[in-house]
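The values are calculated or read from the model by the stated rules, or taken from the named source; none is laboratory data. Keep in mind it's a predicted model, so treat the numbers as computed, not measured. Here the Cβ is made from the backbone with ideal geometry for all residues, glycine too, and neighbour counts use every protein chain on show.
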């Protein structure tokens, strides 16, 4: 039998005689770490401040862990917890700054105590371990991304065969968006009308009429052609054409500026790319977990379309260069349609709100319902509430609910126990 931490009962028994492990922070992730440590038979002391939800305190105490109220960044609080005699310290809060500050202080206070810390930037992990002697620095989002990807890709073989992998679908006929084209089309209509009028009234060739019309619209003046001997109504038309040219050229310049600066051009590019994809995965929510999932999928050469209400974050811009990014509310059917959910093999909703993720999943199911009975859409939802996940799994097999805290916690525990064992003198 293997325990949730991946250790055999024999190993758990041996580790149970070791010194206590201190866990700093009792958020969702910290609580999962405490429960996993207690399941491994370890003595645990938890440091958490008064802002922690009472329910988490009670759950931690129910496991048999010792809970101390206080700020883990304060040396006296750490000493009260027995930092100098600890087997290892796990820093589990969501604040990278607080975790790093405490890790460096602990390294100074108790250099022989292994420190395993949570850090959202995995590219810094090796540097923190090498330069500052941190036993391990890990990002729960990165550790859990693989499980979300595997759940998204575990569709039936028939569905995978029908959907393909990274193939381009024929671009469906869609109604063209005319928001930025109405005025240029109006200018073109006036321009073509002027060419016809000038050709007929001034007896010009088609190329000369086009040349003359262009000189009037752009107000460069009259050179080899003019309206001196033209009929009165043609002169009046020429006056209107000059004013219309000034106004329309100014408006077009403004529209082009807005089109580029507002991001509309980039959004149209993303929607065009998304319309061409088939068998891709739609990732809704580009927080730490969403970005990690998208990166993992792209590393496996699986096409991705990301959906997020904002595209201002640096990570969003980085992903936008590698996959289409649809800016919008994923609870709207039109937004999901723009992301190609009807042609996707899976959708992953990974915002930080359980209800929002469930709403996205329901909307996605409603959007594709009746359109792809032979190609079921795989729905993977991020969920913090384990009770909610159990209730949904009990009534429906269409949804897979995962928690990155529950997935990543055993990784942290195994790492901490490994370093704690290495730092403990061998028994004779």
Worksheet item: What do you reckon, is residue 90 farther than 28 Å from residue 54 by Cα and either out of contact with any strand residue (DSSP E or B) (no Cβ under 9 Å at 6 or more places or on another chain) or surrounded by 15 or more Cβ atoms within 10 Å (Cβ to Cβ) (or both)?
Response: no
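Let's see how each residue does on (1) modelled with pLDDT under 90; (2) in a helix (DSSP H, G or I); (3) assigned by TED's automatic domain parsing to the domain that holds residue 151; (4) closer than 20 Å to residue 143 by Cα:
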| position | (1), (2), (3), (4) |
| --- | --- |
| 342 | yes, yes, yes, no |
| 359 | no, yes, yes, no |
| 371 | yes, no, yes, no |
| 392 | yes, yes, no, no |
| 397 | yes, no, no, no |
Worksheet item: For region 105-142, how many residues meet the condition of being closer than 26 Å to residue 297 by Cβ and part of a loop (DSSP other than H, G, I, E, B)?
Response: 4
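Taking residue 67, is it under 34 Å from the mean Cα position of the chain (by Cα), at pLDDT 90 or above and not assigned by TED's automatic domain parsing to the domain that holds residue 286?
Working: under 34 Å from the mean Cα position of the chain (by Cα): no; at pLDDT 90 or above: yes; not assigned by TED's automatic domain parsing to the domain that holds residue 286: yes.
So residue 67 does not fit the description; no.
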Worksheet item: Does at least one position in region 182-195 carry a residue that is out of contact with any strand residue (DSSP E or B) (no Cβ under 9 Å at 6 or more places or on another chain), exposed (fewer than 11 other Cβ atoms within 10 Å of the Cβ) and modelled with pLDDT under 80?
Response: yes
Discussion item. Quick check on region 105-114. Is at least one of its residues at pLDDT 90 or above, closer than 22 Å to residue 28 by Cβ, surrounded by 23 or more Cβ atoms within 10 Å (Cβ to Cβ) and touching a strand residue (DSSP E or B) at 6+ places or on another chain (Cβ under 7 Å)?
Written reply: no
